[in-house]
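Here the structure is laid out as structure tokens; the discussion comes afterwards.
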Amino acid sequence: SWGGPTHAFLKPANGPMIDLGTLGGPHSFANDINDNGEVVGKSYASDGTRGFLWREGRMYDLNTLANLGTSWRISNAVAINN
């Protein structure tokens, strides 16, 4: 049991912490950030864990950005480059 929702956060050099949100479930976890401030990680959704890209204030499900077909699912993103 997690004891409550867990959200990924971003702490910019100048400014308050930013809650990155989730893809509909209670939890998200950030794994990496690039020089542009884009973050990748995993988020829980109603149908399981999904990899995400967060940029410009919005979290994107990587499965909607990639054309993988129906038998594949991106469940986590661990690194991002520039």
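The values are calculated or read from the model by the stated rules, or taken from the named source; none is laboratory data. Predicted, not measured: the structure shown is a model, and the values here were computed from it. Here the Cβ positions follow ideal geometry from the backbone for every residue, glycine too, while neighbour counts run over all protein chains shown. The area values use the complete protein model at the heavy-atom level, side chains included, leaving out ligands, DNA and RNA. Shrake-Rupley method; radii C 1.70, N 1.55, O 1.52, S 1.80 Å.
Share of carbon and sulfur in the accessible area of the chain stands at 50%, probe radius 1.4 Å. Considering only S28, S71, S46, the mean-square fluctuation computed in a Gaussian network model of the chain, springs between alpha carbons under 10 angstrom, is largest for S71.
Less than 5 angstrom separates the built amide H of Y60 from those of L53, W54, R55, all sequence-distant by 5 or more or on a different chain. Remark: spin-label model distance H27-H7 equals 1.7 nm, labels positioned 7 Å along the Cα→Cβ axis.
Might you tell me the accessible area per residue for the chain, computed with a 1.4 Å probe and given in Å²? That works out to 65 Å² for each residue.
Residues whose amide H falls under 5 Å from that of L23, counting only those 5 or more places apart or on a different chain, are Y44, with hydrogens built in the peptide plane. Phi angles of the range 37-45 translate, via the Karplus equation with coefficients 6.51, -1.76, 1.60 and θ = phi - 60°, into HN-Hα couplings of x, 7, 10, 10, x, 10, 9, 7, 10 Hz per residue; Gly and Pro are given as x. Exposed loop sites, defined as chymotrypsin sites (Phe, Trp or Tyr not before Pro) outside DSSP H, G, I, E and B with at most 11 other Cβ atoms within 10 Å, are absent from the longest region of the chain, namely 3-71. Normalised by the number of residues in the chain, the mean separation of alpha-carbon contacts (under 8 Å, six or more apart) gives a relative contact order of 25 percent.
Quick check of the Kirkwood formula: for the chain, what is the inverse mean of 1/r over all pairs of different Cα atoms, in Å?
Details: mean 1/r = 0.0767 Å⁻¹.
In the chain this quantity evaluates to 13.0 Å.
A simple count of charges around H27, restricted to other residues whose Cβ falls under 13 Å of its Cβ and scoring Lys, Arg +1 and Asp, Glu -1, yields +1. Hey, in the GNM for the chain with a 10 angstrom Cα cutoff, which one of A30, A45, A66 fluctuates hardest? Highest fluctuation of the listed residues: A66. Result for the chain in a Gaussian network model with C-alpha springs under 10 Å: among D47, D32, D61, the largest mean-square fluctuation is at D47.
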